[in-house]
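> Next up is a structure, given as structure tokens.
Just so you know, all these numbers are worked out from the coordinates, no wet-lab data involved. Bear in mind the structure is a predicted one, so any value in this text is a computation, not a measurement. Cβ: placed from backbone, ideal geometry, glycine included. Neighbour counts: every protein chain shown.
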Amino acid sequence: MSGTNLHKQGEIVFMTCPFVDKTGRLSSKSRPVLIISNEEYNKKNNSLLVCALTTTIRKWPKSIFLDSKLCMENGTLPLNSELRPDLVFNGHKTEIGRKCGEIKESVLQEAIQNLKDIIAIDSPLTKFI
């Protein structure tokens, strides 16, 4: 685990993630995630904002297909995946495992824009929040 390292926005890392299995029991396993919180936030907090990746391609609205050979700026993504900006969660830095690499800036910007679209950050309704 690498709890003291500076984690950068746009990195794909493995993180221990909780989930409910098919029997309804809470479990956890190491899953790839994209760090979406910025470096300033990451320096000041013990946790990171991340969004999920999955190799089960379902073409969810606002999801982004990641071609394992084309989406990375550096490092490797083992399999084609689907980035899910609609599945955002907060994970403690001590739950971070190995780093796969960094995605291309254009993919990161698309993910951030899709997240903004999902929560309607530029919507007139957000002025009341």
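> Which of the lysines could a cross-linker bridge to Lys43, judged by Cα under 20 Å and excluding same-chain residues fewer than eight apart?
Lys8, Lys93, Lys99
> Can you compute the charge dipole magnitude of region 11-121 about its Cα centre, using +1 on each Lys and Arg Cβ and -1 on each Asp and Glu Cβ, nothing else charged? Give it in debye, rounded to the nearest 20.
Details: 16 positive and 13 negative charges, 90 e Å.
Roughly 440 debye, rounded to the nearest 20.
> If I model a spin label as a point 7 Å beyond the Cα along the Cα-Cβ vector, how far apart are those points for Thr16 and Asp86 in nm?
It works out to 3.0 nm between the two label points.
> Can you give the relative contact order of region 11-121 as a percent, counting alpha carbon pairs under 8 Å and 6+ residues apart?
Numbers: 213 pairs, mean separation 32.9, N = 111.
Here the relative contact order equals 30 percent.
> Another one. Place the peptides 26-32, 8-14 in order of packing, highest mean first, counting for every residue the other Cβ atoms within 10 Å and averaging per peptide. Provide the component values of the computation, followed by the final result.
Numbers: 26-32: 13.7, 8-14: 20.4.
Per-residue mean Cβ counts within 10 Å order the peptides as 8-14, 26-32.
> Considering the options Gly91, Leu49, Ser68, tell which one lies farthest towards the positive end of the dipole of region 11-121, charges being +1 on Lys and Arg and -1 on Asp and Glu at the Cβ, about the Cα centre.
Gly91
> Could you give the length gained on full extension between Asn38 and Lys62, defined as 0.36 nm per residue of separation minus the Cα-Cα distance, in nm?
Values: separation 24, 0.36 × 24 = 8.64 nm, distance 2.08 nm.
Separation in residues times 0.36 nm, less the Cα-Cα distance, equals 6.6 nm.
> Right, another one. Kindly provide the helix-only [θ] at 222 nm of the chain, computed as the sum of -39,500 (n - 2.57) over DSSP H runs of four or more divided by all residues, to the nearest 500 deg cm²/dmol? Don't jump to the answer; show the numbers that get you there.
On the way: 2 runs with 21 residues, N = 129.
Result for the chain, helices only: -5000 deg cm²/dmol.
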